[in-house]
Amino acid sequence: MALTLLLARHGQTDLNTDERWQGRLDLPLNATGLAQAEQLALSLPGGIDALVVSPMLRARQTAEPVALARGLVPRMDADFRERDFGLFEGLTADEVAQQFPELAARNVAYRWDAEPPGAEATRAVVDRVERGLQLLRAMHDGQTVLLVSHGFVVRCLRYLIDGLSDAAFFEAERIPNGAFLTRQLP
């Protein structure tokens, strides 16, 4: 049987508005993000059997309207929490370039073989997300699952599910806040 997976990115926060690395900073949705969460609940297809959510506040707030509208009880899964971006968290790309010019020049936030000091390595995030995906498959075979998580997590899932190359991992278009993608897993 197949698993239908709806991959949703949380609604907007103030850090998204300023294009800052958010990572493990646990801020709430802003007014736009709350509206995006409501719109997400309205735009999803019928027949969702389960709701799995990153434990981070912005993901939980995004999932709340869906849970209420569909009568679903969210299951939190830390394997789908956002990547820790270490020293870059809370900063814009320009601020990183000013404060850490050598790291910015090497583009360490978007590399397989490097990361900002204190950050979670890309491969470690992919491995963590893969573990969560395996659990989803085991628990929800033949079902439709909405997973509310984060931009980097969705990137990892697309890499794992779509079979993207290592190079394409960082080139793939980001999913917008409050949007979702549908994937079928055999």
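The values are calculated or read from the model by the stated rules, or taken from the named source; none is laboratory data. Just so we're clear, the structure is a prediction, and the values are computed from it rather than from any experiment. Glycine also receives a Cβ, built like all others from the backbone with ideal geometry; neighbour counts cover every protein chain displayed. These area figures cover heavy atoms from the full protein model, side chains too; ligands, DNA and RNA do not enter into them. Shrake-Rupley method; radii C 1.70, N 1.55, O 1.52, S 1.80 Å.
So the values come out like this:
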{"quantity": "Counted residues, segment 61-94 - those being touching a residue at least 24 places away in the same chain (Cβ under 8 Å) and in a helix (DSSP H, G or I)", "calculated": "16"}
{"quantity": "Scan of segment 40-58 for residues that are in contact with a helix residue (DSSP H, G or I) (Cβ under 9 Å, 6 or more places away or on another chain) and part of a helix (DSSP H, G or I), ordered by number", "calculated": "40, 41, 42, 58"}
{"quantity": "Pair list, Cβ < 8 Å and 6+ apart or interchain, from segment 150-167 residues that are more than 24 Å from residue 63 (Cα to Cα) and without any contact (Cβ under 8 Å) to a residue 24 or more places away in the chain to residues that are of a type outside the set (Asp, Glu) and open to solvent by 30 Å² or more (accessible area, probe 1.4 Å)", "calculated": "162/183; 164/158"}
{"quantity": "Residue within segment 49-57 that is of a type outside the set (A, V, I, L, M, F, W, C) and under 18 Å from the mean Cα position of the chain (by Cα) present", "calculated": "yes"}
{"quantity": "Candidate set from segment 113-164 (those that are among the small types (Gly, Ala, Ser), in a helix (DSSP H, G or I) and under 16 Å from the mean Cα position of the chain (by Cα)); member that is surrounded by the most Cβ atoms within 10 Å (Cβ to Cβ)", "calculated": "132"}
{"quantity": "Residue count, segment 165-182 (criterion: of a type in the set (Gly, Ala, Ser), more than 18 Å from residue 29 (Cα to Cα) and in a loop (DSSP other than H, G, I, E, B))", "calculated": "2"}
{"quantity": "Any chance residue 1 is open to solvent by 30 Å² or more (accessible area, probe 1.4 Å) and at pLDDT below 95", "calculated": "yes"}
{"quantity": "Of all residues making up segment 17-39, the number that are without any contact (Cβ under 8 Å) to a residue 60 or more places away in the chain and either open to solvent by less than 20 Å² (accessible area, probe 1.4 Å) or outside any helix (DSSP H, G or I) (or both)", "calculated": "5"}
